[in-house]
1. Taking the Cα centroid of the range 42-59 and of the range 193-238, what is the distance between the two, rounded to the nearest whole Å?
2. Counting Lys and Arg as +1 and Asp and Glu as -1, each charge on the Cβ, what is the dipole of the range 16-83 about the Cα centre in debye, to the nearest 20?
3. Quick one: net charge of residue 11's neighbours, Cβ under 11 Å, K/R +1, D/E -1?
4. Between residue 278 and residue 259, what length in nm is gained on full extension when 0.36 nm per residue of separation is reduced by their alpha carbon distance?
5. Please work out how much length the chain gains when fully extended from residue 184 to residue 230, using 0.36 nm per residue of separation minus the C-alpha to C-alpha distance, in nm with one decimal.
6. Compute the relative contact order of the chain as a whole-number percentage, counting only Cα pairs closer than 8 Å that sit 6 or more residues apart in sequence.
7. Between residue 36 and residue 21, what is the spin-label point distance in nm, taking each point 7 Å from the Cα along the Cα→C-beta axis?
8. Ignoring ligands, DNA and RNA, what percent of the 1.4 Å accessible area of the chain is carbon and sulfur?
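The values are calculated or read from the model by the stated rules, or taken from the named source; none is laboratory data. Just so it is clear, the structure is predicted and the values come from calculations on it, not from any experiment. Quick reminder, even Gly has a Cβ in these numbers, built from the backbone with ideal geometry, and neighbours come from all protein chains shown. Note: areas computed on protein heavy atoms with side chains; ligands, DNA, RNA excluded. Shrake-Rupley method; radii C 1.70, N 1.55, O 1.52, S 1.80 Å.
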Amino acid sequence: MDGDTSLYSIGELARLTGLTVKTIRFWSDEGVVPPADRTPAGYRLYGQDALARLGLVRTLRDLGVGLATIRQVLEREVTVAEVAAVHAEALETQIRTLRLRQAVLRAVAGRGSTPEEMELMHTLAHLTDRERRRLIHDFIDNAFEGLDVDPGFLATLRDAMPVLPDDPAPEQVDAWVELAGLVQDEDFRAGMRRAAEDQIRARDEAGQPEPDEARRLADLIRERTAEARKTGLAPESEAARPLVDELARQCAGLAGREDGPEFRRWLLERLEIGNDSRYERYWRLLAVINGWPAPDMGPAVEWLIAGLRAA
């Protein structure tokens, strides 16, 4: 068996390559390592190229490439580089899936979930990015359908989509599961709709403020009440009255109304209707999932509500 004319039996190929006779026979039957000849008794014989083919087939199979694709490579219908690129992307998808499964298991272990909770977490965590976005869009459509809501507000909601990273931490998986449950809660959806309806009535009564002015007022309320909380200034105390009066006047100015008992009752009603702790929770969960700074408007509004009630 010297030179390029040497022919090998399946058994000889098996000894030379370390593959089993069964594997070589199967690959031969599939057409990826065809025999060059047969003995008078009908046994298959293979040429020198069979050694190179078997080496390539084994390498590609170890990488998860199917025999049909390997046949295309050997027949020069596609290149090894093209096959490698496709399978690298497929492996990346598998790796992301495995990382997500690992994160789910860690979250389950950390919270001592029941079998039912584990099944729910597994289902929700394995939704694709598109399915997660659709879940949030369905919530927005359901909660605000038919309402003359500020387009900027809706755009903000739609732009703030939960995006789980490829390797999420257990707390991010937990936050996504809680968020998915929240947006499917009918009571939460109804509460959001009531708050939106009230905001529309307030807008019709007082006019639509300029977005920049509204943001500046929100920042002022957040900053001043944060200072008050840091120093332990109770909103119900007499010492807090000047700050409550200042913030009420600023709110009246934004609404184009005169500050006074009637306006403050109106303002208090607006704040109470819109102050659903679950709405704040919605943004906090999004912040955990997406790695954003945690929102802090909720405590500010609660402080102002308490101050207005005591006034």
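1. The distance from the Cα centre of the range 42-59 to that of the range 193-238 comes to 77 Å.
2. Working: 9 positive and 8 negative charges, 52 e Å.
For the range 16-83, the charge dipole is close to 260 debye.
3. Numbers: positive: 15, 25, 44; negative: 12.
It works out to a net charge of +2.
4. Working: separation 19, 0.36 × 19 = 6.84 nm, distance 2.98 nm.
Separation in residues times 0.36 nm, less the Cα-Cα distance, equals 3.9 nm.
5. Working: separation 46, 0.36 × 46 = 16.56 nm, distance 3.58 nm.
Result: 13.0 nm gained on full extension.
6. The value is 14 percent.
7. It is 2.1 nm.
8. 52
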